[in-house]
1. Can you send over the carbon and sulfur percentage of the accessible area for the range B:3-86, probe radius 1.4 Å, protein chains only?
2. Give the accessible area for residue A:191 in Å² (nearest 10); use a 1.4 Å probe, count only protein heavy atoms, and leave out ligands, DNA and RNA.
3. Using the basic label-point model (7 angstrom from Cα toward the beta carbon), what is the residue A:150 to residue B:34 distance in nanometres?
4. Taking every Cα atom in the range B:28-92, find the radius of gyration and the maximum pairwise distance Dmax, and write them in Å.
5. Return the FRET efficiency for the residue pair residue A:213, residue B:9: r is the Cβ-Cβ distance, R0 is 30 Å, and the value is rounded to the nearest 0.05.
6. Could I have the simple spin-label model distance between residue A:264 and residue B:27, label points 7 Å from Cα toward Cβ, reported in nm to one decimal?
7. With all protein chains present and a 1.4 Å probe, how do B:64, A:210 order by accessible area, largest first?
8. Based on Cα coordinates alone, diagonalise the gyration tensor for the range A:147-242, multiply each eigenvalue by 5, take square roots, and list the semi-axes in whole Å, largest first.
Amino acid sequence: MRRPGPLALTCCDPLAAVTNATARIILICSGKGGVGKTTLTANLGIALAQLGQRTVVLDADFGLRNLDLLLGLENRIIYTAQELLAGSCRLEQALVKHKQQPNLALMPAGNPRMLEWLTPEDMRTVANLVAERADYVLIDCPAGVEQGFKNAAAACHEAIVITTPEMSAVRDADRVIGLLNSQGIQPIQLVLNRVRPRMVANQEMMSVADVTDLLALPLLGLVVEDEQVIVSTNRGEPLTLNGNGSPAARAYHNVARRLRGEQVPLHDPTRERRGLRARLLNKLGMAGN
Amino acid sequence: MALFEFLQRLLGRQKPSGTLAKERLQLVLAHDRSDLNPELLEQMRREILEVVQKYVEIDLEEGDVSLETEDRVTALVANLPIKRARPAALTAPSD
Ligand SMILES: Nc1ncnc2c1ncn2[C@@H]1O[C@H](COP(=O)(O)OP(=O)(O)O)[C@@H](O)[C@H]1O
Ligand SMILES: [Mg+2]
């Protein structure tokens with residue numbers, strides 16, 4: 001299939017695609033599917049917007065798009081990256097602004113059939129276009145290491161690799177890190193998701209140190225297994241949106257602050273003695289990841 | 001944790017699965033990163049042993065050539081216990 005329609009002049013001219021030097025374009029990737037990329041993109045997007053940062057979340061998962069669902073924006077999409085690339089709509093028309101958090105906008109993925117012709121250059125064009133209006137561009141990457149990944153990776157400056165402490169997820173993360181390294185993408189930071197403190201305490205799950213040792217990346221955040229994540233997905237309201245104090249919400253807020261360069265101590269729940277005092281503090285929301 | 005597993009572990013018969021996972025991954029990642037397939041690695045191992053054997057007598061049972069990885073750097077590590085030097089090795093090889 002051929003690319004529909006001619007590109008707008010601004011898209012064709014390579015000089016027009018020069019990056020807004022101030023925007024950080026960050027790829028959120030994992031290799032393996034279902035480890036929490038989209039959840040992290042949505043929550044981190046909201047958290048950064050709350051810190052006053054103009055943020056665009058870019059759905060690069062054209063095959064299995066659902067960033068719109070997690071943000072509760074699925075009914076407000078009119079144009080997508082496809083029309084933007086074709087030059088049949090303006091940037092402001094394609095960006096879907098979040099009602100409660102106007103610093104955040106979504107650039108929706110186009111039709112899955114776009115995968116047949118989309119190139120790394122196209123993704124770079126879209127990312128650089130939205131970067132003109134943003135301080136942060138977060139790219140929700142598809143699973144795998146094939147073309148969809150390559151397209152998304154071509155558009156970013158830096159990357160966050162997310163994994164769970166499981167064999168296959170860690171192995172796939174390592175593959176992705178190798179590919180990102182070979183493309184000179186820097187920095188690459190790690191978010192460890194769905195950690196179950198009790199299993200780690202019983203040594204039935206790899207610890208935080210085990211995974212950071214294996215992957216040799218700096219740890220940007222640690223998110224425990226948290227039912228609230230599923231509840232918030234059902235509602236289409238990311239956990240970070242409404243001052244939810246659940247452990248995962250705190251973890252996502254902390255990732256945002258660390259990305260901004262703030263020194264936020266990383267508290268490892270798997271190390272804490274599960275004594276009464278610790279549990280009480282936890283209940284009161286006084287411990288954070 | 002099942003009681004049986006707990007007892008096995010208490011008796012030191014079984015490693016906890018988290019530890020096992022890390023050990024298995026260390027090996028797998030070293031191979032993934034080196035991009036060497038097992039046949040090539042085996043061939044290299046044999047040739048290294050051949051060369052070394054020209055100079056010293058080594059314990060083939062104990063000898064081990066493997067890939068190890070740390071901080072994203074993969075190293076080829078040979079651990080070859082030497083029995084004794086071959087007298088021939090004391091003079092320069094003629095060929
Ligand atoms: N910390 C967490 N605790 C509980 N469930 C989670 C957590 N993170 C992600 N999930 C769930 O895991 C599933 C996959 O997450 P998703 O973000 O869609 O992954 P990906 O985008 O990598 O495929 C979803 O059902 C999500 O609700
Ligand atoms: Mg996803």
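1. Percent of accessible area from carbon and sulfur atoms in the range B:3-86: 53.
2. About 0 Å², rounded to the nearest 10.
3. Simple spin-label model gives 2.7 nm for this pair.
4. Gyration radius and largest Cα-Cα distance of the range B:28-92: 14.0, 42 Å.
5. 0.85
6. Between residue A:264 and residue B:27, the label points sit 3.9 nm apart.
7. B:64, A:210
8. Working from the Cα gyration tensor, I get semi-axes of 24, 20, 11 Å.
The values are calculated or read from the model by the stated rules, or taken from the named source; none is laboratory data. In this text the structure is predicted, and so the values were computed from the model without any measurement. Methodologically, a virtual Cβ is constructed for each residue, glycine included, from the backbone with ideal geometry; neighbour enumeration extends over all protein chains shown. Only protein heavy atoms, including side chains, enter the accessible area calculation; ligands, DNA and RNA are left aside. Shrake-Rupley method; radii C 1.70, N 1.55, O 1.52, S 1.80 Å.
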